[in-house]
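A short worksheet on the structure shown next.
No lab work stands behind these numbers, since they all come straight from the coordinates. None of these values were measured; they are calculated from a predicted model. Here the Cβ is made from the backbone with ideal geometry for all residues, glycine too, and neighbour counts use every protein chain on show.
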Amino acid sequence: MQDLDPTPVGPWRRRSRETAYANPWIEVWHDEVDRPDGGAGIYGVVHFRSAAVAVVAVGDDGRLLLVGQHRYALDEYSWEVPEGGVPDGEDLLAGGMRELVEETGFEADDWRHVCRLSISNSVTDERGAIFVARGLRPGAASPDATEDLALRWATLDEVLAEIDRGEIHDLLTIAAVGRYAVDLLRGA
């Protein structure tokens with residue numbers, strides 16, 4: 001168990017931290033804490049070794065490029081915008097560009113950062129960024145060995161309807177497409 005300086009972090013005071021589990025992608029910390037009310041407690045934090053990035057890839061006709069794959073943790077198929085992890089030390093934009101090419105084969109001439117986000121911030125420190133990519137040029141995809149991907153194009157209205165029906169439920173995709181739709185309404 002690692003003893004830490006009991007300096008408060010906001011209204012919490014961490015007394016110790018122990019790694020309960022670790023693999024190449026995540027580490028789960030068990031913290032002994034003093035809660036904001038002064039009582040003793042524990043807190044579990046899932047630490048991601050990479051940041052999340054999502055790309056709204058927009059074709060010349062305005063349709064969005066979606067990636068489909070089976071998600072092990074949910075044991076179901078999921079349609080999503082291209083997304084993935086950006087390891088420490090890699091620029092978020094560079095990571096978004098890499099993920100778009102790896103998953104779809106497409107490169108883009110125009111990139112715009114639209115927002116940053118925290119993902120499930122009550123249990124994880126994972127952060128992320130969303131980009132919009134335009135001026136797409138096709139190429140060869142090179143997915144990870146863990147990915148068996150399908151691609152499809154859909155209009156914004158089709159994607160929003162699938163979100164409304166719960167057919168698209170990936171948080172990064174919902175946030176990315178929602179932010180993209182708001183920007184369109186604003187004329188951005």
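Compute the separation of the alpha-carbon centres of the range 160-188 and the range 59-119 and state it in Å as a whole number.
First find each Cα centre; the distance between them is then 14 Å.
From the backbone phi of the range 39-48, what are the Karplus-calculated ³J(HN,Hα) couplings (6.51 cos²θ - 1.76 cosθ + 1.60, θ = phi - 60°) in whole Hz, Gly and Pro given as x?
With the stated coefficients, the range 39-48 comes to x, 6, x, 10, 8, x, 10, 8, 9, 8 Hz.
What is the local net charge at residue 174, summed over the other residues whose Cβ is closer than 11 Å to its Cβ (Lys, Arg +1; Asp, Glu -1)? It would help to have the intermediate numbers written out before the result.
Numbers: positive: 179; negative: 80, 162, 164, 170.
Local charge sum for residue 174: -3.
For the chain, what is the Kirkwood hydrodynamic radius in Å, using each pair of distinct C-alpha atoms?
Numbers: mean 1/r = 0.0549 Å⁻¹.
Kirkwood radius, the chain: 18.2 Å.
Could you grab the relative contact order for the chain? Cα pairs under 8 Å, six or more apart, rounded to a whole percent.
RCO, the chain: 20 percent.
Compute the distance in nm between two label points, each set 7 Å from the Cα along the Cα-to-Cβ direction, one at residue 69 and one at residue 125.
Using points 7 Å along Cα→Cβ, the separation is 2.5 nm.
Cut-off is 10 Å between beta-carbons; in what order do 131, 106 appear when sorted fewest neighbours first?
Ascending number of Cβ neighbours within 10 Å: 106, 131.
If you restrict to DSSP beta bridges whose two residues both lie in the range 50-186, what percentage is antiparallel, to the nearest 5?
For the range 50-186, the DSSP antiparallel bridge percentage is about 80.
Under a crude label model (7 Å from the Cα following the beta-carbon direction), how far is residue 19 from residue 94 in nanometres?
2.5 nm
Calculate, for residue 156 and residue 30, the FRET efficiency according to 1/(1 + (r/R0)^6) with r their C-beta to C-beta distance and R0 41 Å; round to the nearest 0.05.
Computed FRET efficiency for residue 156 and residue 30 comes out at 0.45.
Just subtract the alpha-carbon distance of residue 118 and residue 146 from 0.36 nm times their residue separation and send over the number in nm, one decimal.
Extra length available between residue 118 and residue 146 comes to 7.6 nm.
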